[in-house]
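Working notes, structure below.
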Amino acid sequence: MQKIGIVGAGQMGSGIAHVCALAGMDVLIHDISMERIESGLATISGNLARQANSGKITEENRVSALKRLSAAQDMSELGAADFVIEAATEKEAVKQEIYKALCPVLSPDAILATNTSSISITRLAAVTDRPEKFLGVHFMNPVPVMQLVELVRGIATDDATFAAAQSLCSKLGKETSVSEDFPAFIVNRVLIPMINEAIYVLYEGVGGVAAIDKAMKLGANHPMGPLQLADFIGLDTCLSIMQVLYDGLADTKYRPCPLLVKYVEAGWLGQKSGKGFYDYSTDMPMPTR
């Protein structure tokens with residue numbers, strides 16, 4: 001696994017590309033436009049520079065990693081990859097369309113993985129031409145900082161594919177946690193309903209944004225309050241995961257909070273849109289409720 005393909009140059013895709021290049025692998029990054037690819041490469045370059053300036057990596061490491069990153073403007077260029085990770089938006093229909101276009105250009109031996117944070121691996125694998133060589137590799141955000149990768153086998157994933165994914169994570173210096181293929185896996189099965197409940201607390205007027213986040217930071221020793229964390233993850237992503245849980249498990253405890261739905265409908269998606277439970281237009285983010 002010397003050549004890694006990444007589909008999606010956003011926050012997660014660029015983070016995965018970053019750690020792969022730093023670990024000595026050649027990385028091909030593809031997205032729907034060259035502008036998006038260049039934006040992802042610029043993000044990686046900036047993050048590598050920060051790591052070098054803080055002494056976490058050497059200048060030689062930074063330069064070498066940048067040289068291993070390449071833009072794959074056409075999806076066919078990913079045919080050279082040994083292991084391809086899809087890190088597109090958390091929408092099943094979008095992922096399915098990517099696989100239909102991607103599989104014909106891949107080597108028959110190439111492994112295809114998804115960074116989905118909640119969607120059924122078995123169902124996604126069924127769209128591909130290689131369900132036995134398909135699995136979930138769910139990196140945590142931000143990828144260069146977080147140590148965990150959730151590995152999720154679909155019903156058809158073979159042992160060699162799973163072992164290759166474990167080997168890749170080891171080369172990246174990541175710890176792995178193995179999850180069964182249930183909605184939202186382990187981390188988000190616990191985390192996102194907690195965030196949804198914090199939004200219900202806000203919705204019902206139990207406390208304001210600042211009070212809720214302060215309570216959980218100081219009262220439960222969380223490094224970041226749940227509403228601040230929701231903004232960091234993206235409220236649209238939080239809503240998508242809650243909907244997957246609600247649809248997949250048919251339990252009312254997973255019903256998305258109406259306030260979360262309203263914020264997403266308003267386009268208040270958190271940090272990436274400039275406004276969510278906090279307004280990021282000022283130097284110090286201000287609560288919006």
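Rule-based calculations on the coordinates, nothing more; no lab input. Values in this document were obtained by computation on a predicted structure and should not be read as measured data. Neighbour counts are summed over all protein chains in view; Cβ atoms, including those assigned to glycine, are modelled from backbone coordinates with ideal geometry.
Look at where the Cα atoms of segment 166-204 and of segment 1-61 average out, and the two centres are 23 Å apart. Dipole check for the chain: with +1 at the C-beta of Lys and Arg, -1 at the C-beta of Asp and Glu, and the Cα centre as origin, the magnitude is about 540 Debye.
Protection proxy ranking of 54-67, 264-277, by the mean of other Cβ atoms within 10 Å over each peptide's residues and highest first, is 264-277, 54-67.
Assuming charge only on the beta carbon of Lys and Arg (+1) and of Asp and Glu (-1), the dipole of segment 188-280 about its Cα centre is about 140 debye to the nearest 20.
Taking the DSSP bridge list for the chain and keeping only pairs wholly inside it, about 25 percent are antiparallel. Pairs exceeding 27 Å between alpha-carbon atoms, taken from K174/K275; K174/K214; K214/K275: K174/K275; K174/K214. Along the axis of the charge dipole computed for the chain (Cβ charges of +1 for Lys and Arg, -1 for Asp and Glu, origin at the Cα centre), the listed residues T157, G55, C20 are led at the positive end by G55.
For segment 216-289 versus segment 91-159, the inter-centroid distance based on Cα atoms is 25 Å. Solvent-free Debye calculation, one equal scatterer per alpha-carbon of segment 136-289: log10 I(q)/I(0) at 0.15 Å⁻¹ equals -0.85.
With q set to 0.19, 0.27, 0.28 Å⁻¹, the log10 of I(q)/I(0) for segment 1-70, from the Debye formula over equal scatterers at the Cα positions, is -0.65, -1.19, -1.25. Normalised by 2.2 N^0.38 Å, where N is the number of residues, the C-alpha radius of gyration of segment 3-179 stands at 0.96. Taken about its Cα centre, segment 85-175 carries a charge dipole of roughly 100 debye when the Cβ of each Lys and Arg holds +1 and the Cβ of each Asp and Glu holds -1.
Label points 7 Å out from Cα along the Cβ direction at E204 and N61: separation in nm? Here the answer is 4.7 nm between the modelled labels. Ordering L245, L260, A220 by the projection of their Cα atoms onto the charge dipole of the chain, which places +1 on the Cβ of Lys and Arg and -1 on the Cβ of Asp and Glu, puts A220 at the extreme positive end. In this calculation the C-beta distance from A71 to T288 is compared with R0 = 30 Å, giving a FRET efficiency of 0.20.
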